[in-house]
Amino acid sequence: MVFGGQGPEHAISCMGAGTVLAMLDRDRYEVVPVGILPDGRWVLTRDEPERLAISGRTLPSVAAVAGPDAAEAPAPAPAPDAAAGGPDPGHAVAPSPAAAAPVASVPGVLAGVDVVLPILHGPFGEDGTIQGLLEMAGLRYVGAGVLASAVGLDKEYMKLVFAAKGLPICPYVVVRDRDWHGGPGAGGTATAERKRIYDAIAELGYPVFVKPARGGSSIGTSKANDQAAVTEAIEGARRYDAKVLVERAVDGAEIERAVLEGLDGGPPDTSLPGQLVIAGGEEFYDFEAKYLDPAGSMAIPAPVPQDVIDEIRRMAGVAFEAVSCQGFARVDFFYTRDGTVLVNEINTIPGMTATSYFPKMWGATGLPLPQLLDRMITTALCRRPGAH
């Protein structure tokens, strides 16, 4: 099991790894936990899931369970300047592949394993990078392949694929680095491009949600009600990704559905749908509500009409296959007040923490976490290396 990683969701990965370590059937599996430190070094870790749980408001890290080899490694390189004004020292910044610190050799122990279970989120884990590494090494692994991972993490291309498959999506605007700040000597061109961006966002209609195009766990996501707020929100999102997505806020319920690759080549299987319930005062399902606020919950099954449940089931399967997903995923939807269902996004490595809804939805459907993990691993073992 590989967890941690270089992205801003390092702690969330560690929390999920702790949950999975505690739930894997040790009579069936010999588990080799491998952590990736924030600077990119791979280390064998102690099998101590209790040390990977959140404690109060303190988030866990690979360092908490790292072996002695981690202490001898050099200090991490500083994160690159991902946005104008430099990185905020109070926020994690995902390094770009070109600027990442040198990575130690991947542990040789992976060469002898039957299957790799990545519990990684965001850049360097959920974006096709580790999947490509495992493909080149000829190793079986759980979950989506290179293409599905890359498309699933990049919200721009994910939406393009969904739209091409006829799935209804939320209106959005993509803000690229060159459009926001322009290149050297851009001058008036940069000003004109920014005005174009503001005009396009105004056409969406306020309020809007602003988020890094390639990220998760609502890190860097904020709500903006006017142009001044959207400027601040874009700068905040750019701390995590040079490409930013701005979406029209949808007035409706947030509904999720968990998906598993079908058995024996069959169609995908879906769980009961769940509807997010936020009772802690947050404006939206942000990082606080997801991981630090026990008031957040999910109604399973979602309290919506049966025909809506059936349509969400159908659309979840279409979304899963649209990106050529394998293994498992979570598909998120909006159910608007006028009865419209919109696809929000697909998450190819959904959260596996104690508060995550992917395992909760399957548990409510009759597949508790130990059996869910068995199915995910068995599916991967039945797939020949390179068959993603």
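The values are calculated or read from the model by the stated rules, or taken from the named source; none is laboratory data. Just so you know, these numbers come straight off a predicted model, no measurement behind them. All Cβ positions, glycine included, derive from the backbone under ideal geometry; neighbour counts span all protein chains shown. In case anyone asks, the SASA skips ligands and DNA or RNA and just uses the protein heavy atoms, side chains included. Shrake-Rupley method; radii C 1.70, N 1.55, O 1.52, S 1.80 Å.
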Pull out the extension gain between residue 324 and residue 147, defined as 0.36 nm times the separation in residues minus the alpha carbon to alpha carbon distance; nm, one decimal. 63.0 nm
Stokes-Einstein D for the stretch 202-286 (25 °C, 0.890 mPa s, Kirkwood Rh from Cα pairs), in µm²/s, comes to 165
To the nearest 0.05, what FRET efficiency results for residue 263 and residue 156 with a Förster distance of 35 Å applied to their C-beta separation? 0.60
Within straight-line cross-link reach of residue 195, lysines at Cα separation under 18 Å, skipping those fewer than 8 residues along the same chain: 243
Work out, step by step, the length gained on full extension between residue 374 and residue 192: first 0.36 nm times the residue separation, then minus their alpha carbon distance; give nm to one decimal. 60.1 nm
Rounded, prolate or oblate for the stretch 141-252? Axes are the square roots of the Cα gyration tensor eigenvalues, ordered a ≥ b ≥ c, and the cut-off for rounded is a/c under 1.5. prolate
Would you mind putting 264-272, 349-357 in packing order, based on average other-beta-carbon counts within 10 Å, highest first? 349-357, 264-272
At 1.4 Å probe size, with no ligands or nucleic acids counted, give the accessible surface of residue 325 in Å², nearest ten. 10
In order through the stretch 207-216: 3J(HN,Hα) via Karplus (6.51 cos²θ - 1.76 cosθ + 1.60), integer Hz, x for Gly, Pro: x, 10, 9, 10, 8, x, 5, 10, x, x
Please say if the stretch 307-388 is rounded, prolate or oblate, where rounded means a/c under 1.5 for a ≥ b ≥ c the square roots of the C-alpha gyration tensor eigenvalues, and otherwise the choice is prolate for a/b larger than b/c and oblate otherwise? oblate
